[in-house]
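Visitor: First the structure, which I've put down as structure tokens, then a few questions once you've had a look.
What follows is calculated from the coordinates using simple rules that are stated; it is not laboratory data. Since this is a predicted model, take the numbers as computed values, not measurements. Note that we place each Cβ from the backbone using ideal geometry, even for glycine, and neighbour counts take in every protein chain shown.
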Amino acid sequence: MAQNLKTLPERPDIHTIQPVPERHPSRWIGGVVLLVIVFLFVRLLVTNENLHWDVVSRYMFSPEILAGLGRTLLLTFIAMVLGLAIGVVLAIMRLSQNPVFQMASWVWIWFFRGVPPLVQLIFWYNLALLIPTVSLGIPFGPQLWSASMNALITPFSAAVLGLALTESAYAAEMIRAGIQAVSTGQTEAAATLGMSKAQTLRRIVLPQALKIVVPPIGNDTISMLKFTSLVSVLALPDLLYSAQMIYSRTYETIPLLIVATIWYLVLSTILTLVEHYIEHRMNDGRPLQVTLILASLFRTGFWGARRAEVSP
Amino acid sequence: MNVGMPLLNVERLTKSFGTHRVLTCIDMSVRAGDVTCIVGPSGSGKSTLLRCLNHLEVPDSGVVFLDGAPIGVRWRGQTLHRMSFNELAAQRQRMGMVFQSFNLFPHKTALENIIEAPIVVQRHKRSEAIEEAMVLLDKVGLRERAHYYPKQLSGGQQQRVAIARSLAMRPAVMLFDEPTSALDPELVGEVLAVMRQLAEEGMTMVVVTHEMAFARDVADHLIFMDGGVIVEGGPPREVLSNPQHARTKSFLARVL
């Protein structure tokens, strides 16, 4: 034993030194390979003359594109607000004890989740073929108001209908799940305090359910932003259709599609940040540093624990 | 309110969940100002009995009377009608309830939890409700925690806020459903102290509990339940020191 110790060089005291960290050669190799691919892609973007970056920058802030951008935003906003409002009603109907309400809500959700939004947009736009005039009156009684469907259905109203109704079906399911996630203990506590059903729903259940559904509503808003590009089939000059109108005149197809792409990315990034911000305000009410939200943006979706990760 | 007269009367109460009979023909009465403790093994039906009192569970048969008025049903001439949820709500205000799991509203501060029902249900002025809530928070020793959210409070503090929230409705009777069972052992005492104080002030209380010392010291009446029936009841010292039934004896041997 003593012999052995003499032949080996003396080791330092284990308590005084730090172990060498674990090596990750695979991360280095994988990282390098990916960086090479990224470099090649960036080089392609920069050197490929067909991209015409000068054209892109020329049209980036052109009035036509900005007007289209405005319509896209307006459409997203109206469709979401309308869709959520209908969705709340549908969710409450779905949870009501009245079987007729339950069934009606179920059928609505089934229908509008099942029909593709593009088909709906075309269908709503051609509604006048199905119902030429609309009138408001007492059923089987006098007519109070009537109008031609052709006058009511513009590309914009058809787009709003199609997008909002699709959204209402998804929103209804989200909100229903949110309401059901509020524990029965909450409604029981409200009941023992003498609160009515409406008071309990409005003051106790919905505020808590809302907190649960903010992340999925955020996701839906971003989806809606992208879905609005479908309205180009109705010749409604949104962001995409504005770009299309320009390149059909100038044949600068790719640069204008790049313009639209950049704007969609900018908008969806902003919406993601807004959603994160709202989520955090609702979670602890504390104002949040921008750096933390930005950091969360990059981590989102990687390990699925973004709320835990962003909290300081 | 006549002290000594029954405030709460339970007559022939029966309740099943599916095919499982939980309560069988329960009769009991609670006098105004009395503290009644209900003890018994898990699954004996004591929580269900408590929840039947304010119709959180609707009994299959039997009637609960508060101040002589039947709960959940109403006479219209010669026919008996089941009350709507909102009519029942008016009766429930008179029976405060404290839950095992506190059930504070997590999106409201301690103070907002307490003033919610007085403002929304009883239409009190906000300033008055806040004033009264602060008095109640003082009483449960949490005045300085008024603006804390439930998740920022310990279990014992949450339960004390929940007691204050119930008291804010000025109930005729307070129902406690195992109020300390979800608490860490060192937090039990602070909640029991508040309940003791309430009992001394003459609040009518029905308490489902496993705290035998509390039952012995504070209760005027102790009820032992097993298998969905009241096995025996009486002054706590008598029941605890001289149980008449074998089931009571074996239960007490396990918990004391």
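Visitor: Could you sort A:109-118, A:49-58, A:218-227, A:257-266 so that the peptide with the highest average Cβ count within 10 Å comes first and the rest follow in order?
Guide: Descending packing order for the listed peptides: A:218-227, A:257-266, A:109-118, A:49-58.
Visitor: Roughly what angle does helix A:25-47 make with the longest principal axis of chain A, taking Cα atoms, 0 to 90 degrees, to the nearest 10?
Guide: For helix A:25-47, the angle is close to 50 degrees.
Visitor: Tell me the angle of helix A:155-181 to the major Cα principal axis of chain A, expressed in degrees between 0 and 90 and rounded to the nearest ten.
Guide: 60 degrees
Visitor: Considering every residue in B:85-91, what mean count of other chain Cβ atoms within 10 Å of its Cβ is obtained?
Guide: Going residue by residue through B:85-91 and averaging, the value is 4.
Visitor: Find how many whole Å separate the alpha carbon centroid of region A:104-120 from the alpha carbon centroid of region A:1-80.
Guide: 41 Å
Visitor: I need the calculated FRET efficiency for the pair residue B:252 and residue A:278, taking r as the beta carbon distance and R₀ as 56 Å, to the nearest 0.05.
Guide: About 0.50, to the nearest 0.05.
Visitor: OK, next. Highest mean first, how do B:10-22, B:108-120 rank when packing is the count of other Cβ atoms within 10 Å averaged over residues?
Guide: Descending packing order for the listed peptides: B:108-120, B:10-22.
Visitor: Per-residue ellipticity at 222 nm for the protein assembly as shown, helices alone: DSSP H runs ≥ 4 residues times -39500 (n - 2.57), over residue total, nearest 500 deg cm²/dmol?
Guide: It lands at -17500 deg cm²/dmol.
Visitor: Name the shape class, rounded, prolate or oblate, that the alpha-carbon gyration tensor gives for chain B, where a ≥ b ≥ c are the square roots of its eigenvalues, rounded holds for a/c under 1.5, and otherwise prolate holds if a/b is larger than b/c and oblate otherwise.
Guide: Verdict is oblate for chain B.
Visitor: Ok, one more. Under a point spin-label approximation (7 Å from Cα along Cα-to-Cβ), what is the residue A:126-residue B:19 distance to one decimal in nm?
Guide: Going from the residue A:126 label point to the residue B:19 one covers 5.8 nm.
Visitor: Using θ = phi - 60° and the Karplus curve 6.51 cos²θ - 1.76 cosθ + 1.60, what whole-Hz ³J(HN,Hα) does each residue of region B:147-154 get, with Gly and Pro shown as x?
Guide: The phi angles translate into 9, 8, 7, x, 5, 8, 10, 6 Hz.
Visitor: Here's another thing I want to ask about it. Taking the Cα centroid of region A:191-242 and of region B:162-195, what is the distance between the two, rounded to the nearest whole Å?
Guide: For region A:191-242 versus region B:162-195, the Cα centre distance is 39 Å.
Visitor: How big is the antiparallel share of DSSP beta bridges in chain B, given as a percent to the nearest 5?
Guide: For chain B, the DSSP antiparallel bridge percentage is about 60.
Visitor: What is the average number of partner chain Cβ atoms found within 10 Å of a Cβ in B:100-107?
Guide: Across the residues of B:100-107, the mean count of other-chain Cβ atoms within 10 Å is 5.
Visitor: What is the antiparallel percent of DSSP beta bridges lying wholly in the protein assembly as shown, to the nearest 5?
Guide: If we restrict to bridges inside the protein assembly as shown, about 65 percent are antiparallel.
Visitor: I'd like the mean, over residues of A:182-191, of how many other protein chain beta carbons sit within 10 Å of each residue's own Cβ.
Guide: That works out to 6 on average.
Visitor: Got a sec? How would A:8, A:271, A:90 order by Cβ neighbour count within 10 Å, fewest to most?
Guide: By the 10 Å Cβ count, ascending, the order reads A:8, A:271, A:90.
Visitor: How would the protein assembly as shown be classified by its alpha-carbon gyration tensor: rounded, prolate or oblate, with rounded meaning a/c under 1.5 and the a/b versus b/c comparison settling the rest?
Guide: It comes out oblate by the Cα gyration axes.
Visitor: Using alpha-carbon pairs under 8 Å, 6+ residues apart, how would you state the relative contact order of chain A in percent?
Guide: 21 percent
Visitor: Rounded, prolate or oblate: which fits region A:55-299, taking a ≥ b ≥ c as square roots of the Cα gyration tensor eigenvalues, rounded meaning a/c under 1.5, else prolate when a/b beats b/c?
Guide: Here region A:55-299 falls in the oblate category.
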